[in-house]
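The structure under discussion appears below in the form of C-alpha coordinates.
The values are calculated or read from the model by the stated rules, or taken from the named source; none is laboratory data. What you see is a predicted model; the values in this text were computed from it and never measured. For neighbour counting, all protein chains shown are included, and Cβ atoms are generated from backbone atoms with ideal geometry for every residue, glycine included.
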Amino acid sequence: MHAFQYRGNELYCEQVPVKTIADNIGTPLYLYSRATLVRHFTVFDQAFASIPHLTCYSVKANSNLSILRLLGNLGAGVDVVSGGEIYRAVLAGISPAKIVYSGVGKTREEIRYALTSGILQFNVESEQELEAISSVAKSLGIQAPVALRVNPDVDPKTHPYIATGLKKNKFGIACNAALGLYARAARDPHLRITGIACHIGSQITEITPFVDALERIVAFAAQLKSMHNITVHYLDIGGGLGITYANETPPHPEQYAAALTDLARQSGCTLILEPGRVIVGNAGILVTRVLYTKRTGEKQFIIVDAAMNDLIRPSLYHAHHELQPVVKRNAPCTVADVVGPICESGDFMAHARSIEAMSPGDLIAIMSAGAYGFSMSSNYNSRPRAAEVLVDDSSYRIIRRRETYEDLVRHEQE
(Lines give C-alpha, C1' and ligand atoms only; values in the text may rest on other atoms or scores of the structure.)
Protein backbone atom coordinates (compact mmCIF):
# COMPACT_ATOMS: atom_id res chain seq x y z
CA MET A 1 0.00 0.00 0.00
CA HIS A 2 1.15 3.55 -0.69
CA ALA A 3 -0.26 7.05 -0.68
CA PHE A 4 0.09 7.86 -4.40
CA GLN A 5 -3.49 7.70 -5.68
CA TYR A 6 -5.62 9.34 -8.34
CA ARG A 7 -8.41 11.69 -7.46
CA GLY A 8 -10.37 11.99 -10.64
CA ASN A 9 -7.71 12.36 -13.33
CA GLU A 10 -4.99 13.80 -11.11
CA LEU A 11 -2.31 11.95 -9.12
CA TYR A 12 -1.97 12.93 -5.47
CA CYS A 13 0.66 12.20 -2.85
CA GLU A 14 -1.35 12.00 0.35
CA GLN A 15 -3.43 15.20 0.26
CA VAL A 16 -1.28 17.16 -2.21
CA PRO A 17 -1.54 17.14 -6.02
CA VAL A 18 1.76 15.95 -7.48
CA LYS A 19 1.45 18.53 -10.25
CA THR A 20 1.35 21.35 -7.69
CA ILE A 21 4.65 20.23 -6.19
CA ALA A 22 6.29 19.72 -9.59
CA ASP A 23 5.15 23.12 -10.83
CA ASN A 24 6.47 24.83 -7.68
CA ILE A 25 9.78 23.00 -7.27
CA GLY A 26 10.58 21.85 -10.78
CA THR A 27 11.60 18.52 -12.24
CA PRO A 28 13.10 15.99 -12.11
CA LEU A 29 11.95 15.57 -8.54
CA TYR A 30 11.96 12.76 -5.96
CA LEU A 31 8.76 12.77 -3.95
CA TYR A 32 8.23 10.73 -0.78
CA SER A 33 5.16 10.04 1.34
CA ARG A 34 5.70 10.27 5.10
CA ALA A 35 2.54 8.26 5.83
CA THR A 36 3.75 5.42 3.62
CA LEU A 37 7.18 5.36 5.26
CA VAL A 38 5.62 5.22 8.72
CA ARG A 39 3.15 2.53 7.74
CA HIS A 40 5.72 0.32 6.01
CA PHE A 41 8.19 0.46 8.89
CA THR A 42 5.52 -0.05 11.54
CA VAL A 43 3.93 -3.02 9.78
CA PHE A 44 7.31 -4.67 9.25
CA ASP A 45 8.57 -4.08 12.77
CA GLN A 46 5.36 -5.11 14.51
CA ALA A 47 5.23 -8.35 12.53
CA PHE A 48 8.14 -9.53 14.71
CA ALA A 49 6.74 -8.17 17.98
CA SER A 50 6.47 -11.62 19.56
CA ILE A 51 10.25 -12.21 19.59
CA PRO A 52 13.33 -10.19 20.59
CA HIS A 53 14.41 -8.33 17.47
CA LEU A 54 15.97 -5.17 16.11
CA THR A 55 14.85 -3.73 12.78
CA CYS A 56 17.89 -2.09 11.20
CA TYR A 57 16.86 -0.08 8.14
CA SER A 58 19.30 -0.52 5.26
CA VAL A 59 20.67 2.98 4.70
CA LYS A 60 21.91 2.30 1.17
CA ALA A 61 18.32 2.09 -0.07
CA ASN A 62 17.71 5.76 0.68
CA SER A 63 20.04 7.74 2.92
CA ASN A 64 18.30 11.11 3.17
CA LEU A 65 18.73 12.54 6.67
CA SER A 66 15.05 13.36 7.07
CA ILE A 67 14.06 9.80 6.24
CA LEU A 68 16.70 8.40 8.61
CA ARG A 69 15.49 10.67 11.40
CA LEU A 70 11.87 9.69 10.77
CA LEU A 71 12.66 5.98 10.93
CA GLY A 72 14.94 6.43 13.92
CA ASN A 73 12.13 8.15 15.80
CA LEU A 74 10.01 5.06 15.10
CA GLY A 75 12.63 2.88 16.80
CA ALA A 76 14.71 1.77 13.84
CA GLY A 77 18.34 0.86 14.00
CA VAL A 78 20.35 0.92 10.78
CA ASP A 79 22.45 -1.36 8.60
CA VAL A 80 25.34 0.57 7.06
CA VAL A 81 28.04 -0.26 4.52
CA SER A 82 30.38 2.73 4.81
CA GLY A 83 31.76 5.26 7.23
CA GLY A 84 29.68 7.90 5.51
CA GLU A 85 26.51 5.99 6.29
CA ILE A 86 27.54 5.79 9.95
CA TYR A 87 28.04 9.55 9.92
CA ARG A 88 24.61 10.11 8.38
CA ALA A 89 22.88 7.80 10.84
CA VAL A 90 24.46 9.37 13.92
CA LEU A 91 23.76 12.87 12.58
CA ALA A 92 20.12 11.82 12.15
CA GLY A 93 19.97 10.91 15.85
CA ILE A 94 20.21 7.12 15.62
CA SER A 95 22.09 5.53 18.50
CA PRO A 96 25.37 3.87 17.46
CA ALA A 97 24.26 0.96 19.68
CA LYS A 98 21.67 0.24 16.96
CA ILE A 99 24.13 0.29 14.04
CA VAL A 100 25.39 -2.87 12.32
CA TYR A 101 28.22 -2.42 9.83
CA SER A 102 28.21 -4.69 6.77
CA GLY A 103 30.20 -4.65 3.51
CA VAL A 104 33.21 -6.43 2.05
CA GLY A 105 35.66 -3.52 1.85
CA LYS A 106 35.83 -1.67 5.18
CA THR A 107 38.97 0.47 5.40
CA ARG A 108 41.02 0.79 8.59
CA GLU A 109 39.87 4.41 8.86
CA GLU A 110 36.23 3.33 8.65
CA ILE A 111 36.82 0.55 11.18
CA ARG A 112 38.37 3.04 13.59
CA TYR A 113 35.47 5.45 13.11
CA ALA A 114 32.94 2.67 13.74
CA LEU A 115 34.75 1.51 16.89
CA THR A 116 35.08 4.98 18.37
CA SER A 117 31.41 5.60 17.55
CA GLY A 118 30.40 2.52 19.56
CA ILE A 119 28.44 0.52 16.99
CA LEU A 120 26.52 -2.67 17.86
CA GLN A 121 28.56 -5.02 15.66
CA PHE A 122 30.66 -5.52 12.55
CA ASN A 123 29.38 -8.09 10.06
CA VAL A 124 32.77 -9.44 9.01
CA GLU A 125 33.24 -10.65 5.45
CA SER A 126 36.74 -12.19 5.37
CA GLU A 127 39.69 -13.44 7.42
CA GLN A 128 41.79 -10.41 6.52
CA GLU A 129 39.00 -8.05 7.53
CA LEU A 130 38.80 -9.82 10.91
CA GLU A 131 42.55 -9.29 11.34
CA ALA A 132 42.21 -5.61 10.44
CA ILE A 133 39.40 -5.09 12.97
CA SER A 134 41.43 -6.82 15.67
CA SER A 135 44.47 -4.67 14.86
CA VAL A 136 42.53 -1.41 15.01
CA ALA A 137 40.77 -2.46 18.22
CA LYS A 138 44.15 -3.30 19.77
CA SER A 139 45.48 0.16 18.87
CA LEU A 140 42.47 1.70 20.63
CA GLY A 141 42.72 -0.59 23.64
CA ILE A 142 39.17 -1.91 23.24
CA GLN A 143 37.29 -5.00 22.10
CA ALA A 144 35.51 -4.97 18.74
CA PRO A 145 32.04 -6.57 18.57
CA VAL A 146 31.99 -8.98 15.62
CA ALA A 147 29.66 -11.33 13.78
CA LEU A 148 30.92 -13.29 10.81
CA ARG A 149 28.82 -13.07 7.68
CA VAL A 150 28.26 -16.71 6.87
CA ASN A 151 27.43 -17.62 3.29
CA PRO A 152 24.56 -20.16 3.44
CA ASP A 153 24.73 -20.90 -0.32
CA VAL A 154 21.01 -20.29 -0.80
CA ASP A 155 19.66 -19.26 -4.21
CA PRO A 156 17.43 -16.20 -3.67
CA LYS A 157 15.95 -16.46 -7.18
CA THR A 158 16.50 -12.80 -7.96
CA HIS A 159 18.54 -10.72 -10.43
CA PRO A 160 22.15 -12.01 -10.47
CA TYR A 161 23.52 -8.55 -9.66
CA ILE A 162 21.64 -8.50 -6.34
CA ALA A 163 22.07 -12.14 -5.32
CA THR A 164 24.61 -12.27 -2.49
CA GLY A 165 24.31 -15.64 -0.74
CA LEU A 166 25.74 -18.07 -3.30
CA LYS A 167 29.21 -19.62 -3.30
CA LYS A 168 30.16 -17.64 -6.41
CA ASN A 169 29.30 -14.25 -4.82
CA LYS A 170 31.93 -11.95 -3.31
CA PHE A 171 30.06 -11.75 -0.01
CA GLY A 172 30.39 -13.79 3.16
CA ILE A 173 32.48 -16.70 4.39
CA ALA A 174 31.81 -20.38 3.69
CA CYS A 175 30.41 -22.25 6.70
CA ASN A 176 33.38 -24.59 7.07
CA ALA A 177 35.85 -21.72 7.01
CA ALA A 178 33.70 -19.67 9.37
CA LEU A 179 33.85 -22.35 12.08
CA GLY A 180 37.61 -22.00 12.27
CA LEU A 181 37.49 -18.22 12.16
CA TYR A 182 35.01 -18.11 15.04
CA ALA A 183 37.34 -20.29 17.11
CA ARG A 184 40.18 -17.93 16.28
CA ALA A 185 38.09 -14.85 17.14
CA ALA A 186 37.14 -16.39 20.48
CA ARG A 187 40.85 -16.56 21.42
CA ASP A 188 41.54 -12.97 20.34
CA PRO A 189 41.48 -10.58 23.33
CA HIS A 190 40.62 -7.67 21.06
CA LEU A 191 37.47 -9.26 19.61
CA ARG A 192 34.10 -9.95 21.21
CA ILE A 193 31.80 -12.38 19.39
CA THR A 194 28.25 -11.06 19.29
CA GLY A 195 26.44 -12.99 16.59
CA ILE A 196 26.14 -14.58 13.16
CA ALA A 197 25.17 -12.66 10.05
CA CYS A 198 23.94 -13.56 6.58
CA HIS A 199 22.24 -11.82 3.68
CA ILE A 200 21.21 -13.75 0.58
CA GLY A 201 20.13 -10.98 -1.78
CA SER A 202 17.60 -8.31 -2.64
CA GLN A 203 14.14 -8.07 -4.23
CA ILE A 204 13.27 -11.62 -3.15
CA THR A 205 9.62 -12.49 -3.70
CA GLU A 206 9.45 -15.96 -2.14
CA ILE A 207 9.63 -17.00 1.51
CA THR A 208 11.44 -20.32 1.02
CA PRO A 209 14.95 -18.87 0.48
CA PHE A 210 14.69 -16.89 3.73
CA VAL A 211 13.58 -19.97 5.67
CA ASP A 212 16.35 -22.08 4.15
CA ALA A 213 18.94 -19.48 5.08
CA LEU A 214 17.73 -19.09 8.67
CA GLU A 215 17.59 -22.88 9.15
CA ARG A 216 21.23 -23.10 8.10
CA ILE A 217 22.25 -20.20 10.34
CA VAL A 218 20.45 -21.66 13.37
CA ALA A 219 22.14 -25.02 12.73
CA PHE A 220 25.47 -23.21 12.40
CA ALA A 221 24.91 -21.50 15.76
CA ALA A 222 24.33 -24.92 17.32
CA GLN A 223 27.60 -26.15 15.77
CA LEU A 224 29.48 -23.21 17.27
CA LYS A 225 28.12 -24.06 20.69
CA SER A 226 28.79 -27.79 20.50
CA MET A 227 32.22 -27.64 18.84
CA HIS A 228 33.75 -24.50 20.34
CA ASN A 229 31.45 -23.57 23.24
CA ILE A 230 30.75 -20.24 21.53
CA THR A 231 27.40 -18.64 22.32
CA VAL A 232 26.02 -15.93 20.05
CA HIS A 233 23.40 -13.37 21.01
CA TYR A 234 22.32 -12.03 17.61
CA LEU A 235 21.26 -13.68 14.38
CA ASP A 236 21.41 -11.06 11.62
CA ILE A 237 19.46 -12.44 8.66
CA GLY A 238 19.87 -9.37 6.48
CA GLY A 239 17.13 -7.91 4.33
CA GLY A 240 15.95 -8.61 0.80
CA LEU A 241 12.16 -8.81 1.03
CA GLY A 242 10.85 -7.65 -2.34
CA ILE A 243 8.20 -5.16 -3.37
CA THR A 244 5.75 -4.88 -6.24
CA TYR A 245 7.18 -3.02 -9.23
CA ALA A 246 4.87 -4.57 -11.83
CA ASN A 247 3.31 -8.01 -11.40
CA GLU A 248 5.39 -9.35 -8.50
CA THR A 249 3.51 -10.77 -5.51
CA PRO A 250 6.00 -10.69 -2.63
CA PRO A 251 4.91 -12.00 0.75
CA HIS A 252 3.42 -9.56 3.24
CA PRO A 253 5.75 -8.81 6.19
CA GLU A 254 3.36 -10.72 8.46
CA GLN A 255 3.76 -13.83 6.29
CA TYR A 256 7.50 -13.33 6.25
CA ALA A 257 7.61 -13.01 10.04
CA ALA A 258 5.33 -16.00 10.58
CA ALA A 259 7.69 -18.20 8.56
CA LEU A 260 10.76 -17.16 10.57
CA THR A 261 9.51 -16.57 14.11
CA ASP A 262 9.57 -20.16 15.42
CA LEU A 263 13.08 -20.76 14.11
CA ALA A 264 14.30 -17.51 15.65
CA ARG A 265 12.64 -18.32 18.97
CA GLN A 266 14.26 -21.77 19.06
CA SER A 267 17.68 -20.18 18.65
CA GLY A 268 17.30 -18.11 21.80
CA CYS A 269 18.90 -15.17 19.98
CA THR A 270 17.76 -11.66 19.15
CA LEU A 271 16.92 -11.40 15.47
CA ILE A 272 18.41 -8.52 13.48
CA LEU A 273 16.53 -7.63 10.29
CA GLU A 274 17.78 -5.25 7.60
CA PRO A 275 14.82 -4.11 5.47
CA GLY A 276 15.47 -1.34 2.97
CA ARG A 277 13.54 -1.53 -0.28
CA VAL A 278 10.41 -2.89 1.44
CA ILE A 279 10.30 0.26 3.61
CA VAL A 280 11.08 3.00 1.10
CA GLY A 281 10.65 1.52 -2.38
CA ASN A 282 6.97 2.23 -2.89
CA ALA A 283 7.06 5.28 -0.62
CA GLY A 284 8.72 7.37 -3.33
CA ILE A 285 8.32 8.37 -6.97
CA LEU A 286 10.43 10.26 -9.49
CA VAL A 287 8.49 12.99 -11.25
CA THR A 288 9.73 13.99 -14.69
CA ARG A 289 8.51 16.36 -17.38
CA VAL A 290 8.22 15.59 -21.08
CA LEU A 291 10.60 17.70 -23.15
CA TYR A 292 9.93 16.39 -26.65
CA THR A 293 8.37 13.54 -28.56
CA LYS A 294 9.72 12.20 -31.81
CA ARG A 295 9.44 9.29 -34.19
CA THR A 296 12.45 7.64 -35.85
CA GLY A 297 11.39 5.18 -38.52
CA GLU A 298 8.91 2.95 -36.72
CA LYS A 299 10.15 3.91 -33.23
CA GLN A 300 8.35 6.39 -31.00
CA PHE A 301 10.32 8.26 -28.32
CA ILE A 302 9.19 10.31 -25.36
CA ILE A 303 12.14 12.41 -24.19
CA VAL A 304 11.94 13.49 -20.54
CA ASP A 305 14.09 15.60 -18.24
CA ALA A 306 14.98 12.70 -15.92
CA ALA A 307 17.86 10.51 -16.98
CA MET A 308 19.96 7.51 -16.01
CA ASN A 309 21.96 9.73 -13.67
CA ASP A 310 18.71 10.29 -11.72
CA LEU A 311 17.44 6.70 -11.83
CA ILE A 312 19.97 4.14 -13.03
CA ARG A 313 17.99 0.99 -12.20
CA PRO A 314 16.42 0.55 -15.68
CA SER A 315 19.82 0.94 -17.37
CA LEU A 316 21.71 -1.16 -14.82
CA TYR A 317 19.24 -3.98 -14.15
CA HIS A 318 16.68 -3.51 -16.95
CA ALA A 319 14.42 -2.87 -13.96
CA HIS A 320 10.74 -2.23 -14.54
CA HIS A 321 9.12 0.87 -13.06
CA GLU A 322 5.48 1.63 -13.73
CA LEU A 323 4.94 4.95 -15.53
CA GLN A 324 1.81 6.95 -14.78
CA PRO A 325 0.65 10.30 -16.14
CA VAL A 326 0.45 12.85 -13.35
CA VAL A 327 -2.65 14.24 -15.04
CA LYS A 328 -4.63 11.83 -17.19
CA ARG A 329 -5.71 13.32 -20.51
CA ASN A 330 -7.67 10.22 -21.54
CA ALA A 331 -5.65 10.32 -24.73
CA PRO A 332 -5.07 7.18 -26.84
CA CYS A 333 -2.18 4.99 -25.73
CA THR A 334 1.01 4.71 -27.73
CA VAL A 335 3.96 2.34 -27.53
CA ALA A 336 7.13 4.32 -26.91
CA ASP A 337 10.59 4.32 -25.42
CA VAL A 338 10.77 6.81 -22.55
CA VAL A 339 14.31 8.17 -22.62
CA GLY A 340 16.43 10.86 -20.99
CA PRO A 341 18.81 13.56 -22.25
CA ILE A 342 22.10 11.75 -21.52
CA CYS A 343 24.35 10.86 -24.44
CA GLU A 344 24.06 7.09 -23.97
CA SER A 345 21.76 4.67 -25.75
CA GLY A 346 21.41 3.02 -22.34
CA ASP A 347 19.70 6.13 -20.96
CA PHE A 348 16.10 5.04 -20.72
CA MET A 349 13.26 4.76 -18.22
CA ALA A 350 11.32 2.19 -20.26
CA HIS A 351 11.47 0.38 -23.58
CA ALA A 352 8.43 -0.29 -25.79
CA ARG A 353 6.05 0.77 -23.04
CA SER A 354 2.34 1.29 -23.64
CA ILE A 355 1.62 4.74 -22.25
CA GLU A 356 -0.93 7.48 -22.75
CA ALA A 357 0.20 9.75 -25.58
CA MET A 358 2.29 12.59 -24.19
CA SER A 359 2.99 16.16 -25.24
CA PRO A 360 5.82 18.49 -24.22
CA GLY A 361 5.18 19.82 -20.73
CA ASP A 362 3.23 16.78 -19.50
CA LEU A 363 4.36 15.14 -16.28
CA ILE A 364 5.10 11.45 -15.75
CA ALA A 365 5.37 9.72 -12.37
CA ILE A 366 7.99 6.96 -12.32
CA MET A 367 6.65 4.73 -9.58
CA SER A 368 8.42 2.67 -6.90
CA ALA A 369 11.51 4.88 -7.02
CA GLY A 370 12.02 5.44 -3.30
CA ALA A 371 14.73 2.77 -3.01
CA TYR A 372 18.00 2.90 -4.94
CA GLY A 373 16.78 5.95 -6.81
CA PHE A 374 18.37 9.10 -5.47
CA SER A 375 20.92 7.09 -3.46
CA MET A 376 22.44 5.75 -6.72
CA SER A 377 22.19 9.02 -8.62
CA SER A 378 25.22 10.85 -10.00
CA ASN A 379 26.36 13.97 -11.82
CA TYR A 380 27.08 12.19 -15.10
CA ASN A 381 27.00 14.62 -18.03
CA SER A 382 27.42 17.36 -15.39
CA ARG A 383 23.76 17.14 -14.51
CA PRO A 384 22.77 18.58 -11.11
CA ARG A 385 21.07 15.99 -8.94
CA ALA A 386 17.34 16.25 -8.36
CA ALA A 387 15.55 17.75 -5.38
CA GLU A 388 13.93 15.51 -2.78
CA VAL A 389 10.60 16.41 -1.20
CA LEU A 390 8.69 14.86 1.69
CA VAL A 391 4.89 15.11 1.82
CA ASP A 392 3.16 15.04 5.20
CA ASP A 393 -0.63 14.96 4.78
CA SER A 394 -1.52 18.34 3.21
CA SER A 395 1.92 19.93 3.43
CA TYR A 396 5.32 19.28 1.89
CA ARG A 397 8.90 20.39 2.35
CA ILE A 398 12.17 20.12 0.50
CA ILE A 399 14.47 17.64 2.28
CA ARG A 400 17.27 18.03 -0.24
CA ARG A 401 17.53 21.05 -2.47
CA ARG A 402 18.20 20.69 -6.17
CA GLU A 403 21.88 21.03 -6.96
CA THR A 404 23.11 24.04 -8.90
CA TYR A 405 25.83 24.35 -11.52
CA GLU A 406 28.00 25.87 -8.80
CA ASP A 407 27.53 22.70 -6.72
CA LEU A 408 28.95 20.64 -9.59
CA VAL A 409 32.37 22.30 -9.33
CA ARG A 410 32.39 23.28 -5.65
CA HIS A 411 35.24 20.91 -4.73
CA GLU A 412 37.28 21.30 -7.92
CA GLN A 413 40.34 23.43 -8.51
CA GLU A 414 41.58 24.97 -11.76
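The set of residues in the range 270-281 being touching a helix residue (DSSP H, G or I) at 6+ places or on another chain (Cβ under 7 Å) and not aliphatic (A, V, I, L, M) consists of Pro275, Gly276, Arg277. Collect the residues in the range 240-251 that are surrounded by fewer than 17 Cβ atoms within 10 Å (Cβ to Cβ) and either of a type in the set (Val, Ile, Thr) or free of Cβ contacts under 8 Å to residues at least 60 places away in the same chain (or both), keeping them in residue-number order. Listed by number, the residues that qualify are Thr244, Asn247, Glu248, Thr249. Those strands (runs of 3 or more DSSP E) of the range 51-119 in which 1 or more residues are modelled with pLDDT of 95 or more and in contact with a Lys or Arg (Cβ under 7 Å, 6 or more places away or on another chain) occupy 53-58, 77-80. Taking the conditions exactly as written (of a type outside the set (Gly, Ala, Ser), outside the structural domain of Ile217 (by TED's automatic domain parsing), crowded, with 19+ Cβ neighbours inside 10 Å and in contact with a strand residue (DSSP E or B) (Cβ under 8 Å, 6 or more places away or on another chain)), does Val335 satisfy them or not? Criteria not met by Val335.
Please tell me if Val327 is buried (at least 21 other Cβ atoms within 10 Å of the Cβ), of a type in the set (A, V, I, L, M, F, W, C) and in the same structural domain as Ala306 (by TED's automatic domain parsing). So Val327 does not fit the description; no.
Whether a residue is under 30 Å from Val136 (Cβ atoms) and either touching a Ser or Thr at 6+ places or on another chain (Cβ under 6 Å) or among the hydroxyl-bearing types (Ser, Thr, Tyr) (or both) was assessed, and Asp236 does not pass this test. Within the option set Arg34, Arg69, being surrounded by fewer than 20 Cβ atoms within 10 Å (Cβ to Cβ), charged (D, E, K, R) and out of contact with any Ser or Thr (no Cβ under 6 Å at 6 or more places or on another chain) holds for one residue only, Arg69.
Per the conditions (1) more than 22 Å from Gly201 (Cβ to Cβ); (2) surrounded by 13 or more Cβ atoms within 10 Å (Cβ to Cβ); (3) touching a Leu at 6+ places or on another chain (Cβ under 7 Å), the sole criterion not satisfied by Arg265 is (3). Scanning the range 356-414 for residues that are of a type in the set (Gly, Ala, Ser) and not in a loop (DSSP other than H, G, I, E, B) gives Ala365, Ser375, Ser382, Ala387, Ser395. The residues on offer are Glu254, Glu274, Glu298, and the sole one that is touching a Cys at 6+ places or on another chain (Cβ under 8 Å) and of a type in the set (Asp, Glu) is Glu274. Note on the range 96-127: among residues that are under 19 Å from Val232 (Cα atoms) and of a type in the set (S, T, N, Q), the one that is surrounded by the fewest Cβ atoms within 10 Å (Cβ to Cβ) is Ser126. Looking across the range 222-239, the residues that are assigned to a helix (DSSP H, G or I), without any contact (Cβ under 8 Å) to a residue 40 or more places away in the chain and not aliphatic (A, V, I, L, M) come down to Lys225, Ser226.
The set of residues in the range 271-330 that are in contact with a strand residue (DSSP E or B) (Cβ under 9 Å, 6 or more places away or on another chain) and in a helix (DSSP H, G or I) comprises Arg277, Val278, Ile279, Val280, Asn282, Ala283, Pro314, Ser315. Residue by residue through the range 275-309, note down the ones that are of a type in the set (D, E, K, R) and more than 23 Å from Leu390 (Cα to Cα). Selection gives Lys294, Arg295, Glu298, Lys299.
Being more than 17 Å from Val81 (Cβ to Cβ), at pLDDT 95 or above and acidic (Asp, Glu) is a property that holds for Glu131.
Given the options Pro341, Pro314, name the one that is over 21 Å from Gly281 (Cβ atoms) and not charged (D, E, K, R). One residue alone meets the criteria, Pro341.
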